[in-house]
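Heads up: the structure comes next, in structure tokens.
The values are calculated or read from the model by the stated rules, or taken from the named source; none is laboratory data. None of these values were measured; they are calculated from a predicted model. Every residue, glycine among them, receives a Cβ derived from its backbone with ideal geometry; neighbour counts consider all protein chains shown. These accessible areas exclude ligands, DNA and RNA; they are computed on the full protein's heavy atoms, side chains included. Shrake-Rupley method; radii C 1.70, N 1.55, O 1.52, S 1.80 Å.
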Amino acid sequence: MALFGVFQAALLLALLSLRTYQSEVLSELLPLTPESLEVSINSTQQRLYLQWRVHNLTYHQELKMVFQIEISRIETSNVIWVENYSTPVKWDQVLHWSWESKLPLECATHFVRIRSVVDDASIPELGLWSNWSSWEEVDVQKSLGQGSLFIFPKDKLVEEGSNVTICYISRSPENNISCHLEGVPIHGEQLNPNVSTFSFNNVPFIRVTGTNFYCIMNKHETSGTILYVSKVLEEPKDFSCETQDLKTLNCTWNPGHDTALIGFPSQRYTLFESFSRKKKLCARKNWCDWQVAPDSQETYNFTLIAENNLRRRSVNVFFNLTHRVHPMKPFKVVLKSISATNATMTWKVHPVGNYSTLLCQVELHGGGKVIQQHNVSITTNGQYFLSELEPITQYVTRVRCAAAQHFWKWSQWTRQSFTTLEAAPSEAPDIWRNVKSMLGSRTVTLFWKPLSKSQAHGKILFYNVVIENLDKSSSVKLLSIPAPANGTELTLDQKCSYQIHVTANNSAGTSPASVIGISRDSGNKKVEERRIQGTEDGFSLSWKPQSGDVIGYVVDWCDYPQDPSCPLQWKNLGPNTTSTVIRSDAFRPGVRYNFRIYEISTERIAYLLEKKTGYSQELAPSNNPQVTISNLTSHSFILNWKDYSTDSQSGFIQGYYVYLKHTAEQCHPGFEKAVLSDDSVCCKYNIDNAEQKTFVVENVQPESFYEFLVTSYTSVGEGLHDTFTKVTIPDEYSHVLIRIIVPMIFCLVLFMVVCYLMSQWMKDKCYPDIPDPYKSSVLSLIKYKESHHPTIMKVNDCIPDAIEVVNKLEGSKIQFLGARKSLTETELTKPAYLYVLPAENYSGPSPFICFENFTYNQAASDSGSCGHVPKRPTTPPSQLALLTSSENLLKSLEQNYMNSLGESPAGETSLNYVSQLASPMSGDKDSLPTNPPGPALGSEYRMQMAVTLGLASPSPSENSSLSVTLLDQGEHCR
């Protein structure tokens, strides 16, 4: 017990000593106040930097303390920031703290103070705040220097989306200052008379050269700053590392936006491996190489660090090297042993360290899609056999490989193309025919569709057409049609049946044959054509089978029915099909399409089953019928028009509208009023029968005007309202007058025609026409001479055998042929004639030609005839002597005749002449005796006038006549 008491006493003494020590320590820690506070600034970063010390700490003593920092602006009472800063404190340690100001430090005066408290659980008694330090003033404006206008911050760098405050400082509050951001005026908040601030929230990225802010003072002094706004530095994405040869690692990532600005570099990337503690600054922004350690390190832990002037980001990746093998692409890909349906593919790969097995993937492409895909395990060389290929087809093969044990990624593809060889066509051509019968023969037009690429197995060179006459087994004809023809025309006997075989041929062989039969009957029996209505999806056709013994059906049509050379299109259908839909991109609205449905017998002969016609979409008529008027009366008239041609119809004609206009504006029964597009009012009649092509307009008013128009209409609408045709209604009694006047006019015209014909007959019989002397054959022997006074005929142009002159004077003397003998009218009772007599030794009929000039003898002119000469007159010797020399006589006559031309008035010269062509007429005035002693044959012609400009009638005396008759033995002056 004594020992226990001693121990208890010792314990109490120890506790008392400890208590005394704590009291001493506490008494020493009470004055732990921050001292030696210093404040500095960084204008670029707009930060305040504080440093201070805590005195009265014992050597090697360390306490956890909390420092409370207050920051005021403009005035100490305007506290803008309070922060508690906790940190362990040692003896004689300098403590640091910084604060970034949203407002540029140059724009206002700042005040800073600090106090502390011990935050140590072992000494809870010291949990009281110390006294505040004195305020430290930060006034940057005092160091601005000379100048009247300042803007802060200068060239600040911020991230996109940040909040920024800009201020200006003016030396005088009386200055007029306006500020602009990118040229747009802005207004700020005034801190004091000399300072204004501008706050911008969520600033955007505008350009790499920065955003411009400037202020203008008193309209002439300018100051500004550039706000550099960069893209936000992003965390690298898709960071990954891999190897192709187990010697080099290739790390890649997606860097995101580039944060580079003018004057500020782009972000930097650093690769750090934690196991080896190695670091590498990457030269590029999206990938970096890393050499694998020679000690064969298999596990790696990489950290990728991205940083710029404003931010720092990092990502890491951990992997095993053997699990990140990405082989290089295969090489030397070769296709060999290529046939029409098979080929062998070989390739090589690069080795990957000690890996001996790679997995390779082989793909076969054709027509832009994957046809085959296969996986093959190889070491260094690969091979694969490609089968089931199409002939004459271009294919593309490609191969890639990956690690077989630890699959990471496929290598890049290596591709190679090749083309298979040709093979014989596998399908028979799809054929059809069109049969036309004419003049005991048939014209069969064969059509066939080109084989598809998969059916042709090569380039089709020609088509063989074999024509077999079934009635003559030995009659076979072969035609070879060069490609790319898709048809031919045959002329066959109408009395025979035929079977036609068509095959397609390429360089490798012949296709199976298509067979079609042509019977004696063309198979185009008359069937009723039915109307159908098409839709946007095409024409829906259906039919009823007529016999069960068929092997199929064929529907044919023409895509362009308005084109005479349009080739047929057709569609083959199975024997159990009774409906189909015909579609074509060529179908157009307003065009009528005709469809024929055939059934194919077991003998492959086509028989017409049905006909269909219709429009994919009906349209209103594009033109109106051509209308004519008939039976126009005072009370009615009839309109007639012809049917449209099928090709010109844009829809099925359902009827016609008859429009009628009249000033009365009263519609006849059956008509209804209608308002046209030009707001004119007319009467309208509906003819709902498309077959009706006439219309009777009744109850019209006589002596008035009507206008009419006929339009057709379909299910869509009617035709255009073209120009109306005007018709004039006649008087009520005009038709009666026409019935009377027309026969009278006809009878009058008939009477005039009969009279004219009778007068012509009378003239020909009683007063025949006198021939034109210029057209007489007598003048053909006359030689015309050029002279100032042209003549009709000269006497010396005729050389007669003999001339006899008979002279008759009518009250005046006449000088004839140089004879100086004067004669009176009473001495001779007949006119003077000049006869050309035949030669003396001539015996027989005496042909003659008698010329009579009425200019010489007016009395002869009145007689209008030239009579016969009864005999040779007795002529004085002087005259007979003259007659013996005909040439002298003619010259003398000519001279006297020409001398008399100037004495006769112009326009009175006439010539009567007689030839031997006809017998003379009797009973004329002053004619010679009708019974001449000799048979003198002659012809008498009526008087004709031959007048030449400037020609005068020659006359020795004013009343005289001269007649000349030329007679010979058949030769005459013509």
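Quick notes on this one:
- Criterion applied to Pro589, Pro564 was being open to solvent by 20 Å² or more (accessible area, probe 1.4 Å) and either in contact with a helix residue (DSSP H, G or I) (Cβ under 7 Å, 6 or more places away or on another chain) or over 16 Å from Phe539 (Cα atoms) (or both), and the one residue passing it is Pro564.
- Among the candidates Thr259, Thr252, Thr211, Thr225, the residue that is touching a Phe, Trp or Tyr at 6+ places or on another chain (Cβ under 6 Å), within 21 Å of Gln45 (Cα to Cα) and hydroxyl-bearing (Ser, Thr, Tyr) is uniquely Thr225.
- Residue selected from the stretch 595-628 under the condition open to solvent by 70 Å² or more (accessible area, probe 1.4 Å) and in a strand (DSSP E or B), by the criterion nearest to Leu541 (Cα to Cα): Tyr607
- Contact annotation: residue pairs with Cβ atoms under 7 Å, 6 or more positions apart or on different chains, pairing a residue in the stretch 524-538 that is surrounded by 14 or more Cβ atoms within 10 Å (Cβ to Cβ) with a partner that is of a type in the set (D, E, K, R) and not in a strand (DSSP E or B), are Gly538/Arg583.
- Of all residues in the stretch 341-358, those satisfying the criterion of being among the hydroxyl-bearing types (Ser, Thr, Tyr) and part of a loop (DSSP other than H, G, I, E, B) are Thr341, Ser356, Thr357.
- Of the residues making up the stretch 417-444, those that are under 23 Å from Phe462 (Cβ atoms), within 39 Å of the chain's Cα centre (by Cα) and of a type in the set (A, V, I, L, M, F, W, C) number 4.
- Checked against (1) among the aliphatic types (A, V, I, L, M); (2) touching a Gly at 6+ places or on another chain (Cβ under 9 Å); (3) open to solvent by less than 10 Å² (accessible area, probe 1.4 Å); (4) closer than 28 Å to Phe319 by Cβ, Val376 passes all but condition (3).
- Considering the conditions (1) open to solvent by 20 Å² or more (accessible area, probe 1.4 Å); (2) in contact with a Leu (Cβ under 9 Å, 6 or more places away or on another chain); (3) not in a strand (DSSP E or B), Asn464 is excluded by exactly one of them, (3).
- Residues that are at pLDDT below 90 and either surrounded by 15 or more Cβ atoms within 10 Å (Cβ to Cβ) or within 21 Å of Ser43 (Cβ to Cβ) (or both), drawn from the stretch 124-137: Leu126, Ser130
- Leu261, sole failed condition from (1) in contact with a Leu (Cβ under 7 Å, 6 or more places away or on another chain); (2) more than 23 Å from Asp245 (Cα to Cα): (1)
- Qualifying positions in the stretch 241-254 - of a type outside the set (A, V, I, L, M) and either open to solvent by 30 Å² or more (accessible area, probe 1.4 Å) or over 10 Å from Leu304 (Cβ atoms) (or both): Glu242, Thr243, Gln244, Asp245, Lys247, Thr248, Asn250, Thr252, Asn254
- Looking at Lys231, Lys219, Lys247, just one residue is under 30 Å from His406 (Cα atoms) and either over 53 Å from the mean Cα position of the chain (by Cα) or touching a residue at least 60 places away in the same chain (Cβ under 8 Å) (or both), and that residue is Lys247.
- When Leu421 is tested against (1) within 30 Å of Cys241 (Cα to Cα); (2) assigned to a loop (DSSP other than H, G, I, E, B), only condition (1) is not met.
- Any hit, the stretch 400-408, residues being modelled with pLDDT of 95 or more, under 54 Å from the mean Cα position of the chain (by Cα), surrounded by 15 or more Cβ atoms within 10 Å (Cβ to Cβ) and closer than 27 Å to Ala508 by Cα: no
- Leading residue by the ranking (modelled with the lowest pLDDT) among those in the stretch 563-586 that are assigned to a loop (DSSP other than H, G, I, E, B) and small (Gly, Ala, Ser): Ser565
- Within the stretch 92-121, the set of residues being over 16 Å from Leu191 (Cα atoms) and part of a loop (DSSP other than H, G, I, E, B) comprises Asp92, Gln93, Asp119, Asp120, Ala121.
- You will find that of Val696, Val749, the residue that is open to solvent by less than 70 Å² (accessible area, probe 1.4 Å), modelled with pLDDT of 85 or more and not in a loop (DSSP other than H, G, I, E, B) is Val696 and no other.
- Restricting attention to the stretch 153-177 and to residues that are buried (at least 20 other Cβ atoms within 10 Å of the Cβ) and touching a Cys at 6+ places or on another chain (Cβ under 6 Å), the residue that is nearest to Phe205 (Cα to Cα) turns out to be Cys167.
- For the stretch 178-195, filtering for residues that are over 60 Å from the mean Cα position of the chain (by Cα), surrounded by 14 or more Cβ atoms within 10 Å (Cβ to Cβ) and under 24 Å from Tyr228 (Cβ atoms) leaves 2.
- Condition check for Pro702: open to solvent by less than 60 Å² (accessible area, probe 1.4 Å) and in a loop (DSSP other than H, G, I, E, B): yes
- For the residues His668, His721, the requirement of being open to solvent by 10 Å² or more (accessible area, probe 1.4 Å), in contact with a Cys (Cβ under 8 Å, 6 or more places away or on another chain) and modelled with pLDDT under 90 singles out His668.
- Per-region count, the stretch 629-654, residues open to solvent by 60 Å² or more (accessible area, probe 1.4 Å) and not in a loop (DSSP other than H, G, I, E, B): 3
- Selection from the stretch 515-543 of residues that are of a type in the set (D, E, K, R) and either assigned to a strand (DSSP E or B) or at pLDDT 90 or above (or both): Glu529, Arg530, Arg531
- Looking across the stretch 424-459 at every residue that is outside any strand (DSSP E or B) and open to solvent by less than 30 Å² (accessible area, probe 1.4 Å), the one that is nearest to Tyr598 (Cα to Cα) is identified as Pro429.
Residue by residue, here is whether (1) modelled with pLDDT of 90 or more; (2) in a strand (DSSP E or B); (3) among the charged types (D, E, K, R); (4) open to solvent by 30 Å² or more (accessible area, probe 1.4 Å) holds:
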residue	(1), (2), (3), (4)
Ser36	no, yes, no, yes
Thr44	no, no, no, yes
Tyr49	yes, yes, no, yes
Leu57	no, no, no, no
Ser72	yes, yes, no, no
Thr87	yes, yes, no, no
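- Residue check, Tyr657 at pLDDT 90 or above, touching an Asp or Glu at 6+ places or on another chain (Cβ under 7 Å) and surrounded by 11 or more Cβ atoms within 10 Å (Cβ to Cβ): yes
- Strands (runs of 3 or more DSSP E) (entirely within the stretch 277-330) containing at least 3 residues that are open to solvent by 50 Å² or more (accessible area, probe 1.4 Å) and more than 28 Å from Val349 (Cβ to Cβ): 278-281, 312-320
- Filter pass, Val502 being touching a His at 6+ places or on another chain (Cβ under 6 Å), surrounded by 15 or more Cβ atoms within 10 Å (Cβ to Cβ) and in a strand (DSSP E or B): no
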